[in-house]
Amino acid sequence: MPYEPSLIQQLKDPAEAAAYLEAVIEDGDQGAIMHALRQVAQAQGGVAEVARKAKMTREATYKMLSKHGNPELRSLKAVLKATGLRIAVKPIEKRAA
């Protein structure tokens, strides 16, 4: 994908990464979410580096971040922490009718 190198560069900024993941999560497609997490991991030094920081095996991290990955909450939290991010819960904004 031609846009990917510039996207990876932008995702080095934790605020950009958080906004990107939030937008992808909002769409709700799990495969897209895992792909976006993998892109964030690439921006933060690569999947192997994120796995090391998350104290997970590289293989488990690659599997988790695959299109069909279905991580446990603790694994997701560990990977997010390794990329400088965390899970947050916000109220759903009411839209004007």
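Filtering region 49-93 to residues that are within 17 Å of I25 (Cα to Cα) and among the β-branched types (V, I, T) leaves V79, T83, I87, V89, I92.
Among the residues of region 70-79, those identified as in a loop (DSSP other than H, G, I, E, B) and within 18 Å of K53 (Cβ to Cβ) are P71, E72.
Applying the selection to region 47-63, what residues are assigned to a loop (DSSP other than H, G, I, E, B) and either touching a Cys at 6+ places or on another chain (Cβ under 9 Å) or free of Cβ contacts under 8 Å to residues at least 24 places away in the same chain (or both)? Passing the criteria: K55, M56, T57.
Put simply, of G45, G28 the only residue that is on the phi > 0 side of the Ramachandran plot, out of contact with any Leu (no Cβ under 6 Å at 6 or more places or on another chain) and surrounded by fewer than 12 Cβ atoms within 10 Å (Cβ to Cβ) is G28.
With respect to the conditions (1) out of contact with any helix residue (DSSP H, G or I) (no Cβ under 7 Å at 6 or more places or on another chain); (2) at pLDDT 90 or above, K12 falls short on a single one, namely (1).
The values are calculated or read from the model by the stated rules, or taken from the named source; none is laboratory data. Everything numeric here is computed off the predicted structure, so don't read it as measured data. Ideal geometry is used to build each Cβ from the backbone, glycine not excepted, and the neighbour counts take in all protein chains shown.
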